[in-house]
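We did not get these values from a lab; they are worked out from the coordinates using the rules stated. If you're wondering where the values come from, they're calculated on a predicted model, not measured in any experiment. Quick reminder, even Gly has a Cβ in these numbers, built from the backbone with ideal geometry, and neighbours come from all protein chains shown.
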Amino acid sequence: MRNDKENLIVTMSLEFALEIIAFSELLEEHKKFIVARQLLKSGTSIGANISEAQNAESKPDFIHKMKIAAKEADETKYWLTLCEMSKNYPFDNCLKEKLQSIINIISKIISTSKTH
C-alpha cells in the first residue's frame with residue numbers, strides 16, 4: 001500500500017507531533033508533568049500510527065491502523081481540553097484546531113476506505 005508521493009495527513013500529523021513536543025515541554029516548564037507526558041504520548045502516536053498505516057499489509061490492516069490513530073487523536077483532544085479548562089495550565093487553541101482538522105481527515109479516510 002506504500003505510496004511515496006506527498007501525503008497530506010502524514011505531513012499534517014508529523015507537523016502536529018512536533019508542535020505537541022514543544023507544547024509538552026512548555027507544560028513541563030510549568031511543572032505539569034503528568035499531563036505533559038500523556039499529551040506527548042498520545043499526540044505523537046497519531047502520526048506514528050498514520051505512518052505505520054502507509055505500510056499496511058491489506059486494506060483491513062490500513063483501516064485498523066487509521067482507527068488507532070483516530071483513538072489517539074481523541075485522547076489527545078481530551079488532554080488538550082483539560083489544559084483549556086484548567087486555570088493553571090497553559091493552552092494553545094491553535095493546537096486544538098489543527099487536531100480537529102486531523103480528526104476530520106482521518107475520519108474521511110476511514111469511511112472512504114471502507115466503501116472502496
Margin query: Tell me the angle of helix 59-85 to the major Cα principal axis of the chain, expressed in degrees between 0 and 90 and rounded to the nearest ten.
Written below: 20
Next item on the list: Hand me the trypsin sites (Lys or Arg not before Pro) from the stretch 1-52 located in a DSSP loop with no more than 11 other Cβ atoms within 10 Å, in residue order please.
Entry: Arg2, Lys5, Lys31
Next item on the list: Report, in debye and to the nearest 20, how large the dipole of the chain comes out about its Cα centre when Lys and Arg carry +1 and Asp and Glu carry -1 on their Cβ.
Entry: 380
Check: When Lys and Arg each count +1 and Asp and Glu each count -1, what net charge do the other residues less than 12 Å away from Thr76, Cβ to Cβ, add up to?
Finding: +1
Note to self: Given R₀ = 41 Å, what would the calculated FRET efficiency be for Cys94 paired with Ser58, taking r from the Cβ atoms and rounding to 0.05?
What the structure shows: 0.70
Check: Within the stretch 9-39, whose backbone N sits under 17 Å from a point 7 Å along Cα→Cβ of Ser101?
Finding: 9-21
Checklist line | For the chain, with +1 on Lys and Arg beta carbons and -1 on Asp and Glu, the positive-most of Thr11, Pro60, Ala48 along the dipole | finding: Pro60
Check: Setting aside same-chain residues fewer than 8 positions from Lys41, which lysines have a Cα under 18 Å from its Cα?
Finding: Lys31, Lys32, Lys65, Lys67, Lys71, Lys77, Lys96, Lys98
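Starting from the Cα-Cα distance between Thr115 and Asn7, subtract it from 0.36 nm times their residue separation and give me the gain in nm to one decimal.
Stretched out fully, the Thr115 to Asn7 stretch lengthens by 36.9 nm.
Restricting to DSSP loop positions (anything but H, G, I, E, B) with no more than 14 other Cβ atoms inside 10 Å of their own Cβ, which trypsin sites (Lys or Arg not before Pro) remain in the stretch 52-91?
Answer by residue number: Lys87.
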